Amino acid sequence: MAEMWQLKPLLLLITVLLVVCTAAGDGGGMPLVTPITKDPSTSLYIISAPVAENDQITNHLVLDLSGPFIWSTCPDGYVPLGCTSPACMHAHRFHPPNCPHTGYGKPDADNAHRCKCTAHPHNPLSGDTASDDMTEFTTSVNTTDGKNPLKEVSFVVTTSCAPESLLAKLPENAVGVVGLARSALALHAQIARTQKVAKKFALCLPSGGGAAGVAIFGGGPLFLLPPGLPDLMATLVGYTPLVKHGKSPGYFVRAEKGIAVNQARVPLGDAPLIIGLSSTIPYTALRTDVYGAFIKAFDAATADRARVTPSVAPFELCYESTQLGSTLLGYAVPQIDVMLQGGKNWTVFGGNSMAQVNDHTACLAFVEMKGKYKRAPYGGGLTEAPAVVIGGFQLENNLLVLDEEKQQLGFSSLLFGRRTTCSNFNFTPAAS
Ligand SMILES: *[C@@H]1O[C@H](CO)[C@@H](O)[C@H](O)[C@H]1NC(C)=O
Ligand SMILES: *[C@@H]1O[C@H](CO)[C@@H](O)[C@H](O)[C@H]1NC(C)=O
């Protein structure tokens, strides 16, 4: 009886603690904000992560929507992660063909008392894959109320090391890749776990010229300048379900009704089109069958516009830009509607369809995909390539919300229509 008496207050205390912890884990954290810059020579997008263990260093990392984890070259003296950690198990879901199955739950080949975790970082530009140790470092990112950065928080991220040779084709100052795919080790998933925020992020890629775009991890709101614009995350044009494509950890959606140019459906058959998102290709790539029909449709819809021939590679349809006329949404060219599952259109206007290649020439900025089949870099054999992979130029100045909890993509359409751009986040600290 006496024992019971003593237990009761203890149980009560435990109950109270549990309740408090659940409340904090229930989205109790603050979203984080980080600038995104565009590298002018490669057209790749970069985020920068200070490394707390070495306050001389800020890691510049290429953003990869299809990358399942974060990798970078490692400093001397880094501490390898043990192979029995849960992070190691996650890393091993992404095992390329022809790589030995070491470094997961097995002792090292050269030391039976050690078991380091090995991962297989992949460079999406060169197509190369390496094998190297997993490790951790501490980085800091600012919290945000959606309007300004508030204060820095530090947390540990699990990453893979990579040999210097894996940096081929990355921007000169980049030391690795930050994966944002659908994986437990992607940056947004690690932020969701450590910061107790939702597993979702908003991505607003800049069009370059030095001004940074913005990414927000963990939920809204998001306000861009000028002051007075509503929360952009709450006023998106549409949402569409995320779907799987083969074994790829990247983001895919379905165009149930295909694509239309100038309100006329491009003849592509009745099967839904699988559409991928890529932050590492500069222009949207269309599978050969889709490309042919699409170019023909755009060509017909612009028959009365003055062409520039020969066209400027890699593009096929080029126009005298002075003859195109311009609108708030870019050159006045036929709009392209991607008719997505769920009934909403992702509409591409001139600002995202026409690339200015020189002073007087603008070209339809879509390219033909090479190869009808793709080998997934992390195994799974050959898969038919998606019909469309939307690339950087078409994503710029559009807000995307990638929500893994709801398994959906939210999209804003070209922000020029809202009289703003992705480079209008106010990165100066809030006035106090
Ligand atoms: C946080 O925001 C402040 C104020 O804008 C900025 O000076 C600082 O570099 C930011 N920190 C990080 C880690 O981005
Ligand atoms: C989507 O685009 C098609 C083709 O232009 C058009 O017919 C349809 O009305 C659009 N749907 C919505 C919901 O805007």
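Between residue 320 and residue 263, what's the calculated FRET efficiency when r is the beta-carbon distance and R0 is 22 Å? Round to 0.05.
Values: r = 25 Å, r/R0 = 1.12.
Calculated value: 0.35.
Residue by residue through region 385-396, what is 3J(HN,Hα) from phi via Karplus (6.51 cos²θ - 1.76 cosθ + 1.60, θ = phi - 60°)? Round to whole Hz and write x for glycine and proline.
So the J values, rounded to whole Hz, are 4, x, 4, 9, 10, 6, x, x, 4, 7, 8, 4.
Can you work out the FRET efficiency for the pair residue 235 and residue 76, with r the C-beta to C-beta distance and R0 = 51 Å, to the nearest 0.05?
E(calc), rounded to 0.05, equals 0.55.
Mean residue ellipticity at 222 nm from the helices of the chain, using -39,500 (n - 2.57) per DSSP H segment of n ≥ 4 over the full residue count, to the nearest 500 deg cm²/dmol?
Numbers: 6 runs with 61 residues, N = 432.
Helix-only estimate at 222 nm: -4000 deg cm²/dmol.
List the longest stretch of the chain that has no exposed loop site; here a site is one of the GluC sites (Glu not before Pro) assigned by DSSP to anything other than H, G, I, E or B, with at most 12 other Cβ within 10 Å. Could you put the intermediate results ahead of the total?
Working: sites that count: 172, 405.
So the longest stretch without any such site is 173-404.
With a cut-off of 13 Å, note down the residues of region 235-279 whose backbone N falls inside the zone around a label point 7 Å from the Cα of residue 300 toward its beta carbon.
260-269
Could you give the C-alpha radius of gyration of the chain expressed as a fraction of 2.2 N^0.38 Å, taking N as the number of residues it contains? Mind showing how you got there, number by number?
Details: Rg = 23.6 Å, N = 432, 2.2 N^0.38 = 22.1 Å.
Relative to the 2.2 N^0.38 Å estimate, the chain comes out at 1.07.
Hey, if you put +1 on the Cβ of every Lys and Arg and -1 on every Asp and Glu Cβ in the chain, which of 89, 140, 208 ends up farthest toward the positive end of that dipole?
Checked the options; the winner is 89.
Can you spot the aspartates and glutamates whose alpha carbon is less than 20 Å from residue 196's alpha carbon? Ignore those fewer than 8 places along the same chain.
Qualifying aspartates and glutamates at Cα under 20 Å: 26, 136, 145, 152, 403, 404, 405.
Considering only DSSP beta bridges with both partners in the chain, what is the antiparallel share in %, to the nearest 5?
Beta bridges within the chain, antiparallel portion: roughly 85 percent.
Which order do 117, 88 fall in if you start with the one that has the fewest other Cβ atoms within 10 Å?
Fewest-to-most ranking of 117, 88: 88, 117.
For region 195-266, with the dipole built from +1 on Lys and Arg beta-carbon atoms and -1 on Asp and Glu ones, taken about the Cα centre, which of 239, 263, 250 lies farthest toward the positive end?
Value computed over the given set: 250.
Compute the distance in nm between two label points, each set 7 Å from the Cα along the Cα-to-Cβ direction, one at residue 288 and one at residue 430.
5.5
How many angstrom separate the Cα center of region 230-245 from the Cα center of region 261-295?
20
So if R0 is 35 Å, what FRET efficiency would residue 145 and residue 270 give, r being the distance between their Cβ atoms, rounded to the nearest 0.05?
Computed FRET efficiency for residue 145 and residue 270: 0.15.
Label residue 126 and residue 85 with points 7 Å out from Cα along Cα→Cβ: what is the distance between them in nm?
In this crude label model, residue 126 to residue 85 measures out at 2.5 nm.
Here are some pairs, 38/257; 116/244; 38/199; 147/200; 200/247; which of them have Cα atoms lying more than 23 Å apart in this structure? Walk me through the numbers on the way to the answer.
On the way: 38/257 33 Å; 116/244 31 Å; 38/199 25 Å; 147/200 18 Å; 200/247 21 Å.
With Cα atoms farther than 23 Å apart: 38/257; 116/244; 38/199.
Once fully extended, how much extra length lies between residue 53 and residue 154, figured as 0.36 nm per residue of separation less the alpha-carbon to alpha-carbon distance?
35.2 nm
Can you give me the angle between helix 2-25 and the longest principal axis of the chain, using Cα atoms only, in degrees from 0 to 90, rounded to the nearest 10?
So the helix axis and the longest Cα principal axis differ by about 20 degrees.
Placing +1 at every Lys and Arg Cβ and -1 at every Asp and Glu Cβ, with all other atoms neutral, what dipole size does the chain have around its Cα centre, in debye to the nearest 20? Could you put the intermediate results ahead of the total?
Values: 31 positive and 33 negative charges, 204 e Å.
For the chain, the charge dipole is close to 980 debye.
Every read-out reported here was derived from the displayed coordinates using simple, explicitly stated rules and does not represent laboratory data. On a predicted model such as this, the values are computed, not experimentally measured, just so you know. Positions of Cβ are generated from backbone atoms using ideal geometry, with glycine treated the same way; all protein chains shown enter the neighbour counts.
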